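Engineer: Handing you a structure now.
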Ligand SMILES: N[C@@H](CCC(=O)N[C@@H](CS)C(=O)NCC(=O)O)C(=O)O
């Protein structure tokens, strides 16, 4: 086994956040990709919550992208992804959590709309095949909508979701101001989490239009991509169609 093995659903923004951190730190790693049909196996073997990503190394298994980033920063401190000042560190943590726990549900809500859902299903089922893919393709719409409705954002109407997403994008631009990064002096967990979420949410055509209208947001995302993907490598999360 590789020294660092990332168990992942390849198209997950949380897995992308971890891959970006690993690359930023120049760490070699391998990935093990799972199918949606593997959900039961994941729960029994590597993740009691059933969620991925999970990082495996000689210390064991670390579940949850936020915990993984802190684990990596503790073991491989250079370059750091947590700001050094306690106030900036707290702020970066809050922005990261906002991306993971709020922005993610705008992504799910928008991509469950009829004009976007086919791309979401092709993304999510990219490793499934045969009968299970056929079945899951038919069940996924309902599952995604139910998840969004249970969380709450999925119960809002389209205009409200678009207006709130626009306000979120404006907040990202305002947070950047004239600086290169969202929080502190260098790239941090905040940039990794928000950029990873932007890269999936823009697969909703409404969000893509809102992003295109904000050049500062796109320039910042390009900056994060340049720092977190090896030279010459296309951002794979955007390349899967
Ligand atoms: N807070 C977790 C969220 C991870 C998460 O929601 N992963 C999704 C894939 S995008 C998952 O594993 N879902 C499977 C499930 O809910 O059973 C993290 O940051 O890692």
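Only the coordinates and a few stated rules stand behind these numbers; no lab work does. Given the structure is predicted, the values throughout are model-derived calculations rather than measurements. Glycine gets a Cβ as well: all are built from the backbone with ideal geometry, and neighbour counts include every protein chain shown.
Engineer: Sorted by average packing, counted as other Cβ atoms within 10 angstrom per residue and highest first, what order do 46-55, 218-227 take?
Structural biologist: Result, highest mean Cβ count within 10 Å first: 46-55, 218-227.
Engineer: Counting residues in the chain as N, plug N into 2.2 N^0.38 Å and put the Cα Rg over that result.
Structural biologist: Compactness ratio reported: 0.99.
Engineer: Shifting gears a bit: Quickly estimate the mean residue ellipticity at 222 nm for the chain, helices only: each DSSP H run with n ≥ 4 gives -39500 (n - 2.57), and the total goes over all residues, rounded to 500. Walk me through the intermediate numbers first.
Structural biologist: On the way: 12 runs with 139 residues, N = 241.
Only helices count here, giving -17500 deg cm²/dmol.
Engineer: Calculate, axis by axis, the spread of Cα positions in region 5-75 along the three principal axes, and write the results as whole Å, longest axis first.
Structural biologist: 32, 23, 18
Engineer: Sorted by average packing, counted as other Cβ atoms within 10 angstrom per residue and highest first, what order do 151-159, 27-35 take?
Structural biologist: With the highest mean Cβ count within 10 Å placed first, the list reads 27-35, 151-159.
Engineer: If you average the C-alpha positions of region 164-196 and of region 62-118 separately, how far apart do those two centres end up, in angstrom?
Structural biologist: Between the Cα centres of region 164-196 and region 62-118 lies a distance of 12 Å.
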